[in-house]
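To start, the structure under review is shown below, and the notes come after it.
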Amino acid sequence: MKFRGGALVLVLVMLFALGTAALATEKGFLWDGTQWKDMTNDIKVAYVKGIGNMADFETAAAGSAPPPCISKGFVDELKTKTIAAVIAEVDKFYNENPAKLNLPVIAVIMQRCTKLCAPTAEKK
């Protein structure tokens, strides 16, 4: 009976190791408009909340030191907006600019919902 428990643990360790190795080969990416347009509203809410939570964490973790610039800016700028307003602004941008679906969602939020990055001027 002791052997079965050890074998089960060994199998679980091997599965975990193989799964971790497979994830390690995954290349990171920034979500852009191609993914955004296919997301449900719940996933969009989670994305925006995730950005906000990370910014809040980094700002709080800085303690008495100056917080990271972008995180501090997000905390200051996005606290006056609802999540629904941020999502609507991103949706509007991608709907009005289908040629810019490759622009990362985070860049759209920074350009359209904050003063951290000025919107790019359109070439005429």
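The values are calculated or read from the model by the stated rules, or taken from the named source; none is laboratory data. Given the structure is predicted, the values throughout are model-derived calculations rather than measurements. Here the Cβ is made from the backbone with ideal geometry for all residues, glycine too, and neighbour counts use every protein chain on show. Ligands, DNA and RNA are stripped out before the accessible areas are found, and what is left, the full protein with its side chains, is counted by its heavy atoms. Shrake-Rupley method; radii C 1.70, N 1.55, O 1.52, S 1.80 Å.
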Restricted to the range 46-68 and to residues being open to solvent by less than 40 Å² (accessible area, probe 1.4 Å) and assigned to a helix (DSSP H, G or I), the residue nearest to VAL86 (Cα to Cα) is VAL48
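Name the residue that is surrounded by the most Cβ atoms within 10 Å (Cβ to Cβ), counting only residues in the range 29-44 that are hydrophobic (A, V, I, L, M, F, W, C) and closer than 21 Å to ALA99 by Cβ. Can you show your working first?
Narrowing the range 29-44 to residues hydrophobic (A, V, I, L, M, F, W, C): 29-31, 36, 39, 43.
Next, from what is left, pick out any that are closer than 21 Å to ALA99 by Cβ: 29-31, 36, 39.
Numbers: PHE29: 8, LEU30: 11, TRP31: 13, TRP36: 21, MET39: 15.
Per the criteria, the residue is TRP36.
For the range 60-75, what are the residues that are closer than 23 Å to TRP31 by Cα and not aliphatic (A, V, I, L, M)?
In the first step, residues of the range 60-75 are kept if they are closer than 23 Å to TRP31 by Cα; the result is 68-75.
Once the filter is applied, which keeps residues that are closer than 23 Å to TRP31 by Cα and not aliphatic (A, V, I, L, M), the range 60-75 yields PRO68, CYS69, SER71, LYS72, GLY73, PHE74.
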Filtering the range 45-101 down to residues that are aromatic (Phe, Trp, Tyr) and under 19 Å from ASP32 (Cβ atoms) yields TYR47, PHE74, PHE93, TYR94
Within the range 69-119, restricting to residues that are hydroxyl-bearing (Ser, Thr, Tyr) and open to solvent by 80 Å² or more (accessible area, probe 1.4 Å), the one that is modelled with the lowest pLDDT is THR80
With the first residue restricted to the range 64-75 and required to be touching a residue at least 40 places away in the same chain (Cβ under 8 Å), and the second required to be crowded, with 16+ Cβ neighbours inside 10 Å and hydroxyl-bearing (Ser, Thr, Tyr), Cβ contacts under 9 Å at 6 or more apart or on different chains are GLY73/THR114; PHE74/THR59; PHE74/THR114
